[in-house]
1. Looking at the range 254-274, is at least one residue in a loop (DSSP other than H, G, I, E, B), in contact with a Pro (Cβ under 9 Å, 6 or more places away or on another chain) and touching a residue at least 12 places away in the same chain (Cβ under 8 Å)?
2. Hey, H56 hits all of (1) modelled with pLDDT of 90 or more; (2) exposed (fewer than 13 other Cβ atoms within 10 Å of the Cβ) but one; which does it fall short on?
3. Among the helices (runs of 4 or more DSSP H) contained in the range 314-412, which hold 2 or more residues that are closer than 19 Å to L288 by Cα and touching a strand residue (DSSP E or B) at 6+ places or on another chain (Cβ under 7 Å)?
4. Here is a list of conditions, (1) within 20 Å of R357 (Cβ to Cβ); (2) in a loop (DSSP other than H, G, I, E, B); (3) touching a residue at least 24 places away in the same chain (Cβ under 8 Å); (4) more than 19 Å from the chain's Cα centre (by Cα), and G152 meets all of them except one; can you say which number that is?
5. Which one is farthest from R279 (Cα to Cα), of the residues in the range 362-383 that are charged (D, E, K, R) and surrounded by fewer than 20 Cβ atoms within 10 Å (Cβ to Cβ)?
6. Please enumerate the residues belonging to the range 259-286 that are touching a helix residue (DSSP H, G or I) at 6+ places or on another chain (Cβ under 8 Å), among the aliphatic types (A, V, I, L, M) and over 20 Å from H310 (Cβ atoms).
7. Here are some conditions: (1) surrounded by fewer than 17 Cβ atoms within 10 Å (Cβ to Cβ); (2) within 23 Å of E414 (Cα to Cα). L141 meets all but one. Which one does it not meet?
8. Just to be sure I understand, how many residues within the range 22-50 are assigned to a helix (DSSP H, G or I) and under 25 Å from P93 (Cβ atoms)?
Amino acid sequence: MSRILFALTPITGHVRPALPLVRALADAGHDVVVYTGTKFAPAVAAAGATVAPVVHGRDLDDATLDDWAREHGAPEPGVKRLQWDVTQHFLGPVPGYLQDLEAVVAQGRPDVVVLDTTSVAGALLARRHDLPSVQVTVTPLPVSSRDTAPFGTGLQPPRTGLQALRYRVLDAVIKRVVFRDAQRAALRLVDEVGVPRPDGFFMDWMPTFATRVLHLSVPSMEYPRSDLPGNVEIVGAVLPHGVDLFEPPAWWGDVVAARAAGRPVVLVTQGTVATDPERLLFPAIEALSDGEALVVVTTGTAEPQDVLPHPADHVRAARFVPFEHLLPMVDVMVTNGGFGGVQQALAAGVPLVVAGRTEDKAEVGARVAWSGVGVAMETDPTTDATTSRAVADGVRRVLDNPSFARRAREVAQEYAGYDAVARVVEVVEELAGTSAGSEAVAA
């Protein structure tokens with residue numbers, strides 16, 4: 001039996017994909033400890049792991065991130081907000097998280113540290129203690145490459161030499177100007193931790209810190225790179241099948257009837273972070289108000305009656321419906337581009353209409369368009385809101401052009417060819433065995 005430590009950023013889209021991994025490792029007899037936010041403690045315990053509490057770190061409910069940002073003086077969306085988000089959310093909480101993780105290690109040295117894409121504290125902990133680590137990605141692959149545009153811009157790979165040159169210039173501006181202060185802050189953080197300074201841009205450090213990077217996606221949804229680091233492996237998506245109980249909502253029969261009658265069913269979802277309904281939910285409901293489609297809305301962090309006190313006749317709403325049951329009934333999913341939800345849709349063969357640019361969503365939308373499984377729409381640069389006309393055009397385009405559904409079904413077959421949970425467990429156990437062997441030799 002090995003001791004496995006998960007260090008997870010307390011955001012729903014980062015924790016939920018890890019729960020099947022936690023369960024699989026616990027079921028295999030390993031001692032699994034998970035450090036993440038209090039909100040997720042019941043789910044972690046239900047997965048069979050020990051919960052390591054947040055004591056000194058920032059224990060923030062991700063549903064209140066926007067409120068927290070406003071209360072702490074966040075600028076309006078734009079370059080300054082991007083700079084603020086990186087320093088406040090990516091780098092700012094690291095010392096507190098790291099202090100907590102050190103206490104966990106003091107109680108029992110782990111054989112392997114498993115961390116998500118943004119768990120800087122987990123990466124630094126593993127580096128400080130010379131522990132093998134596995135990074136499981138919960139975003140599009142954030143690895144810089146000469147074959148791609150700078151990550152976060154939402155630009156597809158260059159098609160010409162001139163475009164590639166422009167991307168290199170843009171990359172230099174982003175790293176040397178936009179994030180100059182963040183780079184300095186990241187270097188100070190590394191110095192304080194007492195580990196050697198890594199080379200290059202701080203946003204590229206995470207993959208280099210990890211022993212192995214297991215990308216939770218499929219090749220069709222990731223740009224090819226001729227310079228991909230050797231420690232990166234695409235392993236398929238971790239889908240939360242069987243994680244949630246399914247109690248059909250009162251209107252479930254309407255969905256079944258629509259499906260049987262050939263009436264389009266459109267799912268509209270905004271995930272758990274960027275949840276302002278003015279951005280996407282309300283425009284989508286208005287866009288589909290002709291009643292031709294049955295619109296299913298998931299409100300995520302709020303009760304449906306609080307968001308839609310008087311829903312239109314063509315709308316059915318619930319706070320949450322397990323996607324494994326809902327998506328097989330859906331013709332198109334309209335989303336702001338959360339990585340996990342998009343992958344669940346594609347694993348079910350559902351084409352997409354994506355409208356969102358915050359967090360990693362611009363990159364998700366770009367990959368949706370690039371792979372041919374849906375369309376990506378522009379949003380307001382200040383509010384990140386779309387328009388009803390844009391949604392209507394996007395849904396009509398996907399419904400009228402069968403190539404999107406055909407391509408989504410092809411990608412679904414690709415997802416079905418992977419067993420991400422089994423592969424992650426295999427890699428973790430391999431590293432744990434190596435780590436335990438090294439400890440024994442040292443002793």
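1. Residues of the range 254-274 that are in a loop (DSSP other than H, G, I, E, B), as a first pass: 262-264, 270-274.
Now drop any that are not in contact with a Pro (Cβ under 9 Å, 6 or more places away or on another chain), which leaves 270.
Adding the requirement that they be touching a residue at least 12 places away in the same chain (Cβ under 8 Å) leaves 270.
Among the residues of the range 254-274, at least one is in a loop (DSSP other than H, G, I, E, B), in contact with a Pro (Cβ under 9 Å, 6 or more places away or on another chain) and touching a residue at least 12 places away in the same chain (Cβ under 8 Å), which makes the answer yes.
2. (2)
3. On the way: elements: 323-326, 339-347, 361-371, 388-400.
Qualifying helices (runs of 4 or more DSSP H): 388-400.
4. Every listed condition holds for G152 apart from (4).
5. Applying the first criterion (charged (D, E, K, R)) to the range 362-383 yields 363, 367, 378, 380.
From what is left, the residues that are surrounded by fewer than 20 Cβ atoms within 10 Å (Cβ to Cβ) are 378, 380.
Working: E378: 12, D380: 9 Å.
Filtering the range 362-383 for residues that are charged (D, E, K, R) and surrounded by fewer than 20 Cβ atoms within 10 Å (Cβ to Cβ), the one farthest from R279 (Cα to Cα) comes out as E378.
6. V265, L267, V273, A274
7. (1)
8. Residues meeting the conditions: 9.
The values are calculated or read from the model by the stated rules, or taken from the named source; none is laboratory data. No experiment lies behind these values; they were computed from the predicted model shown. Note: ideal-geometry Cβ built from the backbone for every residue, glycine included; neighbour counts use all protein chains shown.
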